[in-house]
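Each value in this text was obtained by applying a stated rule to the coordinates, not by laboratory testing. These numbers were taken from a predicted model, which means no experiment stands behind them. Cβ placement follows ideal geometry from the backbone for every residue including glycine, while neighbour counts extend to all protein chains displayed.
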Amino acid sequence: MTDDIVPAPSPSGHPYVAGQIILYGVDLNANQVATLDVGLPGQTALQIKLEGPTKITGSTVLAYGYAFDGYCYRFDSNRIFIVTGPNAEKAAGCGFDTVDGYQMWRIGSAEQILEISTTLGDAKTLILDSQLPGKRSPNAYAITLRTAHRNGRLSND
């Protein structure tokens, strides 16, 4: 068995914690502000700050992979999540413990997190082409199906 297929041990010492996801990546927060180079010309950057009426503890995570149910997985591309609640730990398992700088977050599968998606392109590609049939999100088709003809009735009664 190699290092990259062994997930991190649970904090309680038990080999399995039901519903736990271990997210591996790096914390982009520096002084509570995450700065992302989004590819626009010049020295432009997107800054993300967690702020609210009460103190929010969270991390802006550039995630490379995760572990779930005793198996390690890699994302097809890097993903950015805002994780509130659990503190980052030094990465252990799944091959992320061989290089310094990686961290891990232990989150429950029902915990709320926010994914930030950045795509750079022209307006035609990002707005018009994304709405062509076959490129829409599955939810768009579900709405169409729900409003389809019901034999002349306006309700499902």
Expected sort for 60-72, 118-130 on mean C-beta neighbours within 10 Å, highest first, is 60-72, 118-130
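With 17 Å as the cut-off, how large is the P(r) tail for the stretch 1-118, expressed as percent of Cα-Cα pairs? Working shown, then result.
Working: 3979 of 6903 pairs.
Value for the stretch 1-118 (Cα pairs over 17 Å): 58 percent.
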With x for Gly and Pro, the residue-by-residue ³J(HN,Hα) of the stretch 85-93, computed from phi through the Karplus equation 6.51 cos²θ - 1.76 cosθ + 1.60 at θ = phi - 60° and given in whole Hz, is x, x, 7, 6, 10, 5, 4, 9, x
Phi-derived 3J(HN,Hα) across the stretch 109-121 with the Karplus relation (6.51, -1.76, 1.60, θ = phi - 60°), rounded Hz, x for Gly and Pro, is 5, 9, 6, 7, 10, 10, 9, 10, 10, 10, 9, 10, x
HN-Hα couplings for the stretch 70-82 via Karplus (6.51, -1.76, 1.60; θ = phi - 60°), in whole Hz with x for Gly/Pro, come out as x, 10, 9, 9, 10, 6, 5, 8, 4, 10, 10, 10, 9
Output ordering of 89-101, 17-29 (per-residue mean of other Cβ within 10 Å, highest first) is 17-29, 89-101
For the stretch 1-118 the mean separation of alpha carbon contacts under 8 Å (6+ apart) over residue count, i.e. relative contact order in percent, is 35
